[in-house]
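The values are calculated or read from the model by the stated rules, or taken from the named source; none is laboratory data. Just so we're clear, the structure is a prediction, and the values are computed from it rather than from any experiment. Here the Cβ positions follow ideal geometry from the backbone for every residue, glycine too, while neighbour counts run over all protein chains shown.
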């Protein structure tokens with residue numbers, strides 16, 4: 001057992017101390033902080049060249065402009081207008097030179113119909129024009145109602161909103177709003193699992209191939225059995241992965257919490273992410289599926305790594321493995337909008353897809369307990385079988401040198417492992 | 001006997017890498033294991049180390065099979081350099097030493113001692129890939145010997161070393177032997193084997209063709225070289241019974257004979273022809289034996 005920990009520690013420390021790991025971790029952490037404080041940063045840069053927020057309006061009826069501002073305020077949109085005597089051509093020039101962001105031409109030809117044109121430099125502010133249109137629409141309706149001399153109750157009756165509510169009867173039993181929250185959280189975690197599984201299984205395969213190509217393997221396995229060596233390696237790098245993910249998670253949490261200058265934004269971010277009250281089970285499932293997914297792919301990666309003699313050959317041998325993960329991710333990404341589709345349900349039980357697809361389903365739907373349990377059981381079983389098989393191949397593979405870069409060598413390695 | 005191989009055979013599918021090999025190596029012996037490339041030396045070493053299991057036969061160390069429980073008593077120097085290129089010398093040796101059951105502090109002390117002995121104490125904090133091939137070999141040797149193993153297996157220990165370093169390494173190996181370790185090593189350099197080994201064995205295509213002490217091997221080879229220098233014609237001597245082969249030069253000839261008697265006869269005959277300026281009986285060198293035994297089959 002002592003040698004197991006020596007290898008474990010070596011696998012963990014040598015990677016943890018490596019420049020690549022330190023730089024990647026630092027960059028990602030910096031990125032998280034940057035992203036969390038992005039609005040503060042943008043504001044800081046914006047301060048210098050503040051544009052006048054008031055939108056120039058060309059109009060024949062100034063009362064309508066005041067009414068529009070009130071209407072927008074009632075709708076929760078702050079907007080400032082200033083009536084201008086400039087002509088359209090002059091305003092367009094100002095727009096092109098960036099002095100103003102937009103302008104509005106507002107006309108009320110006969111006192112009860114509104115004609116408006118909103119001119120902006122680009123269509124990026126598409127949210128505001130829609131509000132504007134909506135506001136003007138209701139203003140015109142009011143004006144028409146006044147013209148018809150309707151009683152206030154009659155007018156009120158006209159404007160009464162319909163009773164509209166959306167409910168779902170899908171297996172999830174979650175409202176659309178809850179679904180959206182869960183979707184974002186699941187998506188972020190799913191992406192982390194996907195990313196980590198690819199990255200760490202690649203790391204394992206490269207590690208093993210490096211040890212083999214530098215022939216240090218022969219010395220290692222003359223003091224530690226190949227099987228012990230393989231599992232110590234897989235566990236060591238897996239622990240490193242968990243530590244890294246944990247670091248990212250903690251910094252992400254801290255970054256969002258600490259960006260107090262935009263506290264209202266972070267509040268809304270939390271509630272939007274569903275992080276205000278994170279479903280603990282989702283996080284636990286994320287960790288379980290990350291660990292199992294990692295093991296599944298790492299054991300395979302280790303055995304593939306043991307087949308090559310040169311590190312350059314790792315990439316070609318590991319491609320099929322990467323493709324399987326990519327397929328799993330595609331299924332899961334599709335499943336984000338239709339988590340109860342049949343192909344998602346079926347593929348969620350396939351051990352190679354389960355880490356992503358079953359995680360997606362437990363995250364979005366209310367599944368009977370046995371479904372994730374079955375998927376987890378199947379994965380554990382597969383890991384055990386692969387571990388047994390992998391150890392065999394590994395034992396022979398590490399002694400095999402030569403131009404081996406195809407899966408045909410599996411059999412040869414198995415044979416050698418037995419001997 | 002400390003290390004015993006009992007009718008060991010190793011087959012890879014149809015191919016027989018080692019065929020019915022038996023060795024008995026006493027404790028504290030330096031044992032030479034010779035063979036051409038592909039003779040089965042490395043396979044034999046891997047079986048001794050327990051990396052491969054023999055198809056037939058048994059290998060024991062002090063009466064017990066070798067497994068991972070005894071691996072810390074074994075030192076192994078593989079034929080090719082086996083070190084992490086990016087790791088620093090000290091860190092690397094501590095790691096390998098710990099795997100062989102050493103404690104960190106003991107390993108550190110041993111590393112310093114060995115680096116001093118090899119006259120390279122300044123390599124302590126260098127990466128292995130920065131060292132020359134010969135100096136990497138020194139580090140490899142330290143990895144094999146630092147934990148004071150009882151059984152040392154050296155696969156081509158002198159390859160890639162300059163003559164000065166070969167001498168340093170030889171004395172280190174002798175030192176380890178004097179402390180009681182049993183050493184098995186393979187080499188292509190017959191002069192090294194002749195100088196270091198009391199016992200040896202030559203394998204060819206998986207089969208053992210010579211085995212025994214250096215003296216017995218030479219005696220039983222049954223051939224000696226008789227060198228005679230004379231100004232007179234020596235071609236007549238070829239017909240002396242017992243002469244197997246003769247080669248002539250301007251000032252004399254070399255005859256290959258099977259026994260001392262023929263040699264004496266040759267001297268008498270040479271004297272009949274005229275004065276002899278030089279006469280000697282030379283033992284065959286290990287090189288001759290190796291080429292005769294292994295080379296014959298090549299031809």
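I need a count of the residues in segment B:204-223 that are farther than 20 Å from residue B:188 by Cα and at pLDDT 80 or above. Full working, then the answer.
Residues of segment B:204-223 that are farther than 20 Å from residue B:188 by Cα, as a first pass: B:216, B:219-220, B:222-223.
Add one more test, that the residue is at pLDDT 80 or above, and what stays is B:216.
Summing the residues that are farther than 20 Å from residue B:188 by Cα and at pLDDT 80 or above in segment B:204-223 gives 1.
Restricting to segment B:63-77, and then to whatever is in contact (Cβ under 8 Å) with a residue 40 or more places away in the chain and facing chain A (nearest Cβ under 10 Å), can you tell me which residue is surrounded by the fewest Cβ atoms within 10 Å (Cβ to Cβ)?
Across segment B:63-77, the extreme among qualifying residues is B:72.
Among the residues of segment A:91-98, is there at least one that is within 17 Å of residue A:118 (Cβ to Cβ), in contact (Cβ under 8 Å) with a residue 40 or more places away in the chain, touching a strand residue (DSSP E or B) at 6+ places or on another chain (Cβ under 6 Å) and buried (at least 16 other Cβ atoms within 10 Å of the Cβ)?
No; the residues of segment A:91-98 include none that is within 17 Å of residue A:118 (Cβ to Cβ), in contact (Cβ under 8 Å) with a residue 40 or more places away in the chain, touching a strand residue (DSSP E or B) at 6+ places or on another chain (Cβ under 6 Å) and buried (at least 16 other Cβ atoms within 10 Å of the Cβ).
Could you tell me whether segment B:78-93 includes any residue that is without any contact (Cβ under 8 Å) to a residue 40 or more places away in the chain, crowded, with 19+ Cβ neighbours inside 10 Å and within 17 Å of residue A:215 (Cα to Cα)?
no
Answer yes if at least one residue in segment A:340-351 is within 17 Å of the chain's Cα centre (by Cα) and in contact (Cβ under 8 Å) with a residue 60 or more places away in the chain, and no otherwise.
no
Could you list, in sequence order, all residues of segment B:94-107 that are assigned to a helix (DSSP H, G or I) and crowded, with 18+ Cβ neighbours inside 10 Å? Walk me through it before giving the result.
Of all residues in segment B:94-107, those assigned to a helix (DSSP H, G or I) come to B:94-99, B:104-107.
Of everything in segment B:94-107, those that are assigned to a helix (DSSP H, G or I) and crowded, with 18+ Cβ neighbours inside 10 Å turn out to be B:94, B:95, B:96, B:97, B:98, B:99, B:107.
Residues of segment B:160-173 being without any contact (Cβ under 8 Å) to a residue 60 or more places away in the chain and surrounded by 14 or more Cβ atoms within 10 Å (Cβ to Cβ), which ones?
B:160, B:161, B:165, B:166, B:168, B:169, B:170, B:172
Touching a helix residue (DSSP H, G or I) at 6+ places or on another chain (Cβ under 6 Å) and surrounded by 12 or more Cβ atoms within 10 Å (Cβ to Cβ): is that true of residue B:271 in this structure?
Details: touching a helix residue (DSSP H, G or I) at 6+ places or on another chain (Cβ under 6 Å): no; surrounded by 12 or more Cβ atoms within 10 Å (Cβ to Cβ): yes.
Judged against the criteria, residue B:271 is not a match.
Consider segment B:11-36. How many of its residues are without any contact (Cβ under 8 Å) to a residue 60 or more places away in the chain and either within 14 Å of another protein chain (Cβ to nearest Cβ) or over 17 Å from the mean Cα position of the chain (by Cα) (or both)? First the steps, then the outcome.
First, pick out the residues of segment B:11-36 that are without any contact (Cβ under 8 Å) to a residue 60 or more places away in the chain: B:11-15, B:24.
Restricting the remaining residues to those that are either within 14 Å of another protein chain (Cβ to nearest Cβ) or over 17 Å from the mean Cα position of the chain (by Cα) (or both) gives B:11-15.
So the answer is 5.
Which members of segment A:10-26 meet the condition of being in contact with a helix residue (DSSP H, G or I) (Cβ under 9 Å, 6 or more places away or on another chain) and exposed (fewer than 15 other Cβ atoms within 10 Å of the Cβ)?
A:13, A:22, A:24
Please determine whether any residue of segment A:173-189 is more than 17 Å from the chain's Cα centre (by Cα), surrounded by fewer than 24 Cβ atoms within 10 Å (Cβ to Cβ) and within 14 Å of chain B (Cβ to nearest Cβ).
No, because not a single residue in segment A:173-189 is more than 17 Å from the chain's Cα centre (by Cα), surrounded by fewer than 24 Cβ atoms within 10 Å (Cβ to Cβ) and within 14 Å of chain B (Cβ to nearest Cβ).
Going through segment A:53-84 one residue at a time, which ones are in contact with a strand residue (DSSP E or B) (Cβ under 8 Å, 6 or more places away or on another chain), farther than 11 Å from residue A:106 by Cα and not in a helix (DSSP H, G or I)?
Answer for segment A:53-84, where residues must be in contact with a strand residue (DSSP E or B) (Cβ under 8 Å, 6 or more places away or on another chain), farther than 11 Å from residue A:106 by Cα and not in a helix (DSSP H, G or I): A:54, A:55, A:79, A:80, A:81, A:82, A:84.
Residues are listed down the side, and each one gets a yes or a no for (1) within 12 Å of chain A (Cβ to nearest Cβ); (2) under 29 Å from residue B:25 (Cα atoms):
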position	(1), (2)
B:82	yes, yes
B:87	yes, no
B:105	no, no
B:109	no, no
B:117	no, yes
B:157	no, yes
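Let's see how each residue does on (1) modelled with pLDDT under 85; (2) farther than 23 Å from residue B:288 by Cβ:
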{"position": "B:228", "(1), (2)": "no, no"}
{"position": "B:233", "(1), (2)": "yes, yes"}
{"position": "B:242", "(1), (2)": "yes, no"}
{"position": "B:246", "(1), (2)": "yes, no"}
{"position": "B:254", "(1), (2)": "no, no"}
{"position": "B:261", "(1), (2)": "yes, no"}
{"position": "B:275", "(1), (2)": "no, yes"}
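Residues to consider are B:208, B:238, B:287; find the one that is under 26 Å from residue B:26 (Cβ atoms) and outside any strand (DSSP E or B). Show your work before the answer.
Numbers: B:208 fails: outside any strand (DSSP E or B); B:238 fails: under 26 Å from residue B:26 (Cβ atoms).
From the options B:208, B:238, B:287, the qualifying one is B:287.
Looking for something in the same structural domain as residue B:90 (by TED's automatic domain parsing), buried (at least 16 other Cβ atoms within 10 Å of the Cβ) and assigned to a helix (DSSP H, G or I) - is there at least one such residue anywhere in segment B:148-157?
Within segment B:148-157, not a single residue is in the same structural domain as residue B:90 (by TED's automatic domain parsing), buried (at least 16 other Cβ atoms within 10 Å of the Cβ) and assigned to a helix (DSSP H, G or I).
Being farther than 30 Å from residue B:260 by Cα, assigned by TED's automatic domain parsing to the domain that holds residue B:11, out of contact with any strand residue (DSSP E or B) (no Cβ under 8 Å at 6 or more places or on another chain) and surrounded by 21 or more Cβ atoms within 10 Å (Cβ to Cβ) is the requirement here; does residue B:137 meet it? Reasoning before the result, please.
Values: farther than 30 Å from residue B:260 by Cα: yes; assigned by TED's automatic domain parsing to the domain that holds residue B:11: yes; out of contact with any strand residue (DSSP E or B) (no Cβ under 8 Å at 6 or more places or on another chain): yes; surrounded by 21 or more Cβ atoms within 10 Å (Cβ to Cβ): yes.
Spelling it out, residue B:137 is indeed farther than 30 Å from residue B:260 by Cα, assigned by TED's automatic domain parsing to the domain that holds residue B:11, out of contact with any strand residue (DSSP E or B) (no Cβ under 8 Å at 6 or more places or on another chain) and surrounded by 21 or more Cβ atoms within 10 Å (Cβ to Cβ).
Residues of segment A:337-352 being closer than 22 Å to residue A:181 by Cβ and touching a helix residue (DSSP H, G or I) at 6+ places or on another chain (Cβ under 6 Å), which ones?
A:339, A:344, A:348
Determine whether residue A:23 is modelled with pLDDT under 85, in a helix (DSSP H, G or I), more than 25 Å from residue B:99 (Cα to Cα) and more than 11 Å from chain B (Cβ to nearest Cβ).
Answer is no for this residue.
Which one is nearest to the other protein chains (Cβ to nearest Cβ), of the residues in segment B:49-59 that are farther than 20 Å from residue A:228 by Cβ and surrounded by 15 or more Cβ atoms within 10 Å (Cβ to Cβ)?
B:55
Residue check, residue B:3 against (1) in contact with a helix residue (DSSP H, G or I) (Cβ under 9 Å, 6 or more places away or on another chain); (2) within 14 Å of another protein chain (Cβ to nearest Cβ); (3) within 22 Å of residue B:199 (Cβ to Cβ), all met but one. Which one?
Going through the list (1) in contact with a helix residue (DSSP H, G or I) (Cβ under 9 Å, 6 or more places away or on another chain); (2) within 14 Å of another protein chain (Cβ to nearest Cβ); (3) within 22 Å of residue B:199 (Cβ to Cβ), residue B:3 breaks only (2).
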